[in-house]
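> A single structure is presented below for examination.
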Amino acid sequence: MEQLEISSESKVRWSLREVILMALIGIAFGVIYFIMDPIYTALDAVLVALGLHQYTIAITIGPWMMAAPLSSYLLRRMGAGLIGELLGATGEALLGGYWGVATLISGFIQGIGSELGFTLTGYKNWKTGLILSTLTGTIVTFVWSLFHDGYLQFGISMLIGLFIVRWISIAFFAGLLVYWIVNLLEKSKLLKK
């Protein structure tokens, strides 16, 4: 009986290696997210001139959602995606990101959206979870944008366009690119236990 308690507790407890890896992901993506701020602003300046301001978020959201699926896929733990995304958002805010503390709200929304994809597989099939996380991340962040970014005022064709562009951005950066990164790390044996 005592051995059962120890094994179930070890599934809940995080190892020092996992905590360090999570911190490294948070730090790295805090910097990446901070770098994305001026990229977003530059792209927005171009798209505003073309009358396409609304597409700036849809095009650039993918890189901002990478910490969650990378954390989930690497650590293979419930909650890792949400924590990874929040750490990245915290890093961006602490570095002086454009949106300040509001970045934490975005990090929470994006983390929940991504985490939901892995939840749908019961945290058992990580490749399927990664694919689903791109869809759930798109849906959750899009619903947030309906209210937060005023998407409710747009017509159906604009909404469909914004959704598709958002999904492509998230699928490429938070799906395909994350998958490649994990494969490279596994081949390099850097994460060998």
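The values are calculated or read from the model by the stated rules, or taken from the named source; none is laboratory data. The shown structure was predicted, so the numbers you read here are calculated from the model rather than taken from an experiment. Ideal geometry is used to build each Cβ from the backbone, glycine not excepted, and the neighbour counts take in all protein chains shown. Keep in mind that these areas ignore ligands, DNA and RNA; they rest on the heavy atoms of the full protein, side chains included. Shrake-Rupley method; radii C 1.70, N 1.55, O 1.52, S 1.80 Å.
> Filter the range 39-57 for residues that are at pLDDT below 95 and among the small types (G, A, S); which is least open to solvent (accessible area, probe 1.4 Å)?
Looking at residues that are at pLDDT below 95 and among the small types (G, A, S), I get G51.
> Provide a single number: the residues in the range 146-193 that are more than 23 Å from S72 (Cβ to Cβ), among the hydroxyl-bearing types (S, T, Y) and surrounded by 15 or more Cβ atoms within 10 Å (Cβ to Cβ).
Selection size over the range 146-193: 1.
> Still on this structure: Restricting to the range 84-119, name every residue that is farther than 17 Å from T141 by Cα and not acidic (D, E).
L87, T90, G91, A93, L94, L95, G96, G97, Y98, G100, V101
> Report, by residue number, each residue of the range 58-82 that is part of a loop (DSSP other than H, G, I, E, B) and open to solvent by 10 Å² or more (accessible area, probe 1.4 Å).
M66, R76, R77, M78, G79
> Ok, one more. Which condition number does V143 fail, the rest of (1) without any contact (Cβ under 8 Å) to a residue 12 or more places away in the chain; (2) exposed (fewer than 13 other Cβ atoms within 10 Å of the Cβ) being met?
The one condition V143 does not meet is (2).
> Another question, if that's okay. Among the numbered conditions (1) over 20 Å from L176 (Cα atoms); (2) without any contact (Cβ under 8 Å) to a residue 60 or more places away in the chain, tell me where G91 comes up short.
In the conditions (1) over 20 Å from L176 (Cα atoms); (2) without any contact (Cβ under 8 Å) to a residue 60 or more places away in the chain, G91 misses (2) alone.
> Mind listing just one residue for me: the one in the range 14-52 that is aliphatic (A, V, I, L, M) and touching a Phe, Trp or Tyr at 6+ places or on another chain (Cβ under 7 Å) and, of those, nearest to A68 (Cα to Cα)?
Among those that are aliphatic (A, V, I, L, M) and touching a Phe, Trp or Tyr at 6+ places or on another chain (Cβ under 7 Å), it is M36.
> Moving to a separate point now. For the range 164-193, what are the residues that are in contact (Cβ under 8 Å) with a residue 60 or more places away in the chain and either in contact with a Gly (Cβ under 7 Å, 6 or more places away or on another chain) or more than 14 Å from M66 (Cα to Cα) (or both)?
Answer for the range 164-193, where residues must be in contact (Cβ under 8 Å) with a residue 60 or more places away in the chain and either in contact with a Gly (Cβ under 7 Å, 6 or more places away or on another chain) or more than 14 Å from M66 (Cα to Cα) (or both): V165, S169, I170, F172, F173, A174, L185, L191, K193.
> Name the single residue that is least open to solvent (accessible area, probe 1.4 Å) among those in the range 128-140 being without any contact (Cβ under 8 Å) to a residue 40 or more places away in the chain and farther than 20 Å from F29 by Cα.
T136
> Could you count how many residues in the range 86-127 are buried (at least 21 other Cβ atoms within 10 Å of the Cβ) and within 15 Å of G175 (Cβ to Cβ)?
6
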